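Structure first, commentary second.
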Amino acid sequence: MSTTAMGFDFGTKRIGVAAGQNLTGTAQGIATVSNSGKDGPWGEIQGLIGQWQPDILVVGLPLGKDRAETPLSNTARNFGAELASRFKLPVDYIDETLTSRAAENLVSEATPSGKRIIGKRQELRDQIAAELILSTYFYEQGQ
């Protein structure tokens, strides 16, 4: 059965968003949403959910050493609970410990020498991290 999923790389400033299908096990970054301002990310996320019609939402969970929960883990879980409440969709969580670092490395490798990773590159990094979260989720579901 085909399932469309939307993955989130939660951050206090920005949230990377990816969408994908479980049949192919692939994901693509679709947006970087601002997580600041009085209304937060909810309007943009609502638009993306309306456009992509996901069956499930997957939130990356930043874990510490020995896979222990951290204060940011709790914040990400609160974000996931708000997603579930607002959009009436199931939310799953997946360890995202290495995704941000892997995304950073991918962006760094594609960045010309001497250039800093700013602006659009940060947004790209957030989307790649969301892709990696969703791809990992599909992989783990298939095992």
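The set of residues from the range 2-16 being over 19 Å from Gln141 (Cβ atoms) and either surrounded by 23 or more Cβ atoms within 10 Å (Cβ to Cβ) or touching a residue at least 60 places away in the same chain (Cβ under 8 Å) (or both) comprises Phe10, Gly11, Thr12, Arg14, Ile15, Gly16.
When you scan the range 34-49, do you find a residue that is of a type in the set (Lys, Arg) and within 16 Å of Ile128 (Cα to Cα), even just one? For the range 34-49, residues of a type in the set (Lys, Arg) and within 16 Å of Ile128 (Cα to Cα): absent. Restricted to the range 47-94, and to residues there that are aromatic (Phe, Trp, Tyr) and over 17 Å from Ala27 (Cβ atoms), the residue that is surrounded by the most Cβ atoms within 10 Å (Cβ to Cβ) is Phe79.
Each residue in the range 17-65 was checked for being under 20 Å from Thr75 (Cα atoms) and hydroxyl-bearing (Ser, Thr, Tyr), and 3 pass. Taken together, the criteria place Thr99 among residues that are within 15 Å of the chain's Cα centre (by Cα), within 17 Å of Met6 (Cα to Cα), crowded, with 21+ Cβ neighbours inside 10 Å and modelled with pLDDT under 85. The selection criterion, being in contact with a Lys or Arg (Cβ under 9 Å, 6 or more places away or on another chain) and either of a type in the set (S, T, N, Q) or closer than 12 Å to Phe8 by Cα (or both), holds for Thr32. Checking each residue in the range 117-143 for being in a helix (DSSP H, G or I), among the β-branched types (Val, Ile, Thr) and either modelled with pLDDT under 75 or under 20 Å from Thr12 (Cβ atoms) (or both) picks out Ile128, Ile133.
The values are calculated or read from the model by the stated rules, or taken from the named source; none is laboratory data. This one's a predicted model, so the numbers in the text were calculated from it and none came from an experiment. Heads up, the Cβs are rebuilt from the backbone with ideal geometry, glycines too, and the neighbour counts pull from every protein chain shown.
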